[in-house]
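The values are calculated or read from the model by the stated rules, or taken from the named source; none is laboratory data. All figures in this text were calculated on a predicted structure; none of them were measured in a lab. No Cβ is skipped: glycine too gets one built from the backbone with ideal geometry, and neighbour counts run over all protein chains shown.
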């Protein structure tokens, strides 16, 4: 019996890994020989020595590691350390970062790289290693190996794709051991695999879509919803590509007796009126939707084979937001071919006007295996050699333009996308006449946030806004006091937002009568106008995450 460690190195502790548990389930289902499989989940923030110690303690014969752009930079040094401590172990890498860059990893510490789906082929590899069966090793589809300094590639075989249409070929990763290890972290579930679209910057498209049968999906969703986790993320690349199936699962999730949030990646233009009506009935905060718009510049979308009915997507996003029950996240990608800084500013302002709860400004990544990376040199796109392979420049964006975009993203991430200072920035926009992109870029340039304490950042935002055209002191301070109460329940209020007034006791008395409990001093405030406000620190909006602020007239 071989001893196997499956290692996942997550970006954050709150994340969990689905891949290693699917592989573990695959071994249990498909391996001919017995194998003792242990799961080790670590994070990129842990020292190599600590991660290695957690692996070495199991004395594994085989170590399998899931590779992604967020952990690829850490792996070379970790692999070297593991090889020193486990000189006789076999190291197998899989996942998208290894699958599309196999030769690199075989020259940097891996014995084998298993490309593509591993639930069936990884157990076959373990059996062949146990049997010392070189003939079988040479025939495992998608397996790359290195012997005698030479790289050997097994023949590719896509027949397994057809087999996955059957329910008994879908691995259920949710064992008792999985739930014991989950420990209230974010849980992930895959109810479909593949994507019907062929976006040139992505790795998921072009293979068709296979679906876990609806009843099996419901059963897994139910178990996760009862596990004590707060957030369940569906990793389906375009969850609503099949409208009937999406409707059935949305309806099931809406009807569950659970406090969980369910996060979906969707194409906003694919929603029909029936599904929009259903989503309007969801309990507040139950559903989170992430809609990748990427750009509003049609030549850029065409260049990356992105098909979106932009007008319909906008209308549907507004419809989803109108009921105040669903958290909506929209994405833009800076750096797409043919989109200049001016074009991107237009895309940004158009996306901002939708009023989504999150507007993510991401940067183009030239991933190994993507069609766009293959065309990058021809297009004149320059990108970093190390993961995450972010764009450095192109014929449409200079390095200075990219710095402008990064400054804008910094301000957006630390304010709007965290629900911070929303009314203050809305006020500044409304009276200054500035475009949203212009305001956020100016803020990011004037007050870059790289771990700035929130109290200090508030002072910086005030100093920035007060110098904008049309901004007046009292309205700005009033907005920031209200924002502070809603963000952090008034705790540790910056000195410039404190107003000492004898009426504060009266406001507190009104608040306590209305709330039916005592409140802390910092939970009430007097605005520059003399009006009182207080925060209901016991009630957080399940959609926005902000606390309710009430005014006393």
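Could you tell me whether residue 344 is over 20 Å from residue 197 (Cα atoms) and in contact with a helix residue (DSSP H, G or I) (Cβ under 6 Å, 6 or more places away or on another chain)?
The answer is no for residue 344.
Could we say that residue 244 is in a helix (DSSP H, G or I) and within 28 Å of residue 295 (Cα to Cα) here?
Details: in a helix (DSSP H, G or I): yes; within 28 Å of residue 295 (Cα to Cα): yes.
When the stated conditions are applied, residue 244 passes them.
Of the residues 549, 507, which single one is modelled with pLDDT of 95 or more, surrounded by 19 or more Cβ atoms within 10 Å (Cβ to Cβ) and in contact with a strand residue (DSSP E or B) (Cβ under 6 Å, 6 or more places away or on another chain)?
549
For the list (1) free of Cβ contacts under 8 Å to residues at least 12 places away in the same chain; (2) over 20 Å from residue 457 (Cα atoms), I need the number of the one condition that residue 369 fails.
Only one criterion is unmet by residue 369, namely (1).
Identify the single condition in (1) farther than 25 Å from residue 368 by Cβ; (2) in contact (Cβ under 8 Å) with a residue 12 or more places away in the chain that residue 122 does not satisfy, given that it satisfies every other one.
(1)
Checking the structure you have, find out if any residue of segment 331-350 is assigned to a loop (DSSP other than H, G, I, E, B), within 17 Å of the chain's Cα centre (by Cα) and surrounded by 19 or more Cβ atoms within 10 Å (Cβ to Cβ). Explain how you work it out, then say what you get.
Initial filter on segment 331-350 (assigned to a loop (DSSP other than H, G, I, E, B)): 335-340.
Then drop every residue that is not within 17 Å of the chain's Cα centre (by Cα), which leaves none.
No, because not a single residue in segment 331-350 is assigned to a loop (DSSP other than H, G, I, E, B), within 17 Å of the chain's Cα centre (by Cα) and surrounded by 19 or more Cβ atoms within 10 Å (Cβ to Cβ).
If you take the residues in segment 249-286 that are touching a strand residue (DSSP E or B) at 6+ places or on another chain (Cβ under 6 Å) and in a helix (DSSP H, G or I), which one is surrounded by the fewest Cβ atoms within 10 Å (Cβ to Cβ)?
Within segment 249-286, the match that is surrounded by the fewest Cβ atoms within 10 Å (Cβ to Cβ) is 253.
Among 88, 107, which is the only one that is surrounded by fewer than 19 Cβ atoms within 10 Å (Cβ to Cβ), farther than 18 Å from residue 366 by Cβ and at pLDDT 95 or above?
Details: 107 fails: at pLDDT 95 or above.
Going through 88, 107 in turn, just one is surrounded by fewer than 19 Cβ atoms within 10 Å (Cβ to Cβ), farther than 18 Å from residue 366 by Cβ and at pLDDT 95 or above: 88.
If you check residue 216 against the conditions, is it touching a helix residue (DSSP H, G or I) at 6+ places or on another chain (Cβ under 7 Å), surrounded by fewer than 18 Cβ atoms within 10 Å (Cβ to Cβ) and under 22 Å from residue 371 (Cα atoms)?
On the way: touching a helix residue (DSSP H, G or I) at 6+ places or on another chain (Cβ under 7 Å): yes; surrounded by fewer than 18 Cβ atoms within 10 Å (Cβ to Cβ): yes; under 22 Å from residue 371 (Cα atoms): no.
When the stated conditions are applied, residue 216 does not pass them.
When residue 15 is evaluated against the numbered criteria (1) surrounded by 15 or more Cβ atoms within 10 Å (Cβ to Cβ); (2) touching a helix residue (DSSP H, G or I) at 6+ places or on another chain (Cβ under 9 Å); (3) over 16 Å from residue 92 (Cα atoms), which criterion, by number, is the only one it fails?
If we test residue 15 against (1) surrounded by 15 or more Cβ atoms within 10 Å (Cβ to Cβ); (2) touching a helix residue (DSSP H, G or I) at 6+ places or on another chain (Cβ under 9 Å); (3) over 16 Å from residue 92 (Cα atoms), just (2) comes out false.
Going by the conditions given, is residue 414 over 27 Å from residue 101 (Cα atoms) and buried (at least 21 other Cβ atoms within 10 Å of the Cβ)? Working first, answer last.
Working: over 27 Å from residue 101 (Cα atoms): yes; buried (at least 21 other Cβ atoms within 10 Å of the Cβ): yes.
It is true that residue 414 is over 27 Å from residue 101 (Cα atoms) and buried (at least 21 other Cβ atoms within 10 Å of the Cβ).
Each row is one residue, and each column tells you yes or no for (1) touching a residue at least 24 places away in the same chain (Cβ under 8 Å); (2) not assigned by TED's automatic domain parsing to the domain that holds residue 302.
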{"position": "172", "(1), (2)": "yes, yes"}
{"position": "177", "(1), (2)": "yes, yes"}
{"position": "215", "(1), (2)": "no, no"}
{"position": "242", "(1), (2)": "yes, no"}
{"position": "255", "(1), (2)": "no, no"}
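Mind checking which helices (runs of 4 or more DSSP H) fall wholly inside segment 378-451 and carry at least 3 residues that are within 20 Å of the chain's Cα centre (by Cα) and under 28 Å from residue 70 (Cβ atoms)? Give the derivation first.
Values: elements: 399-414, 422-432, 436-446.
Those helices (runs of 4 or more DSSP H) span 399-414.
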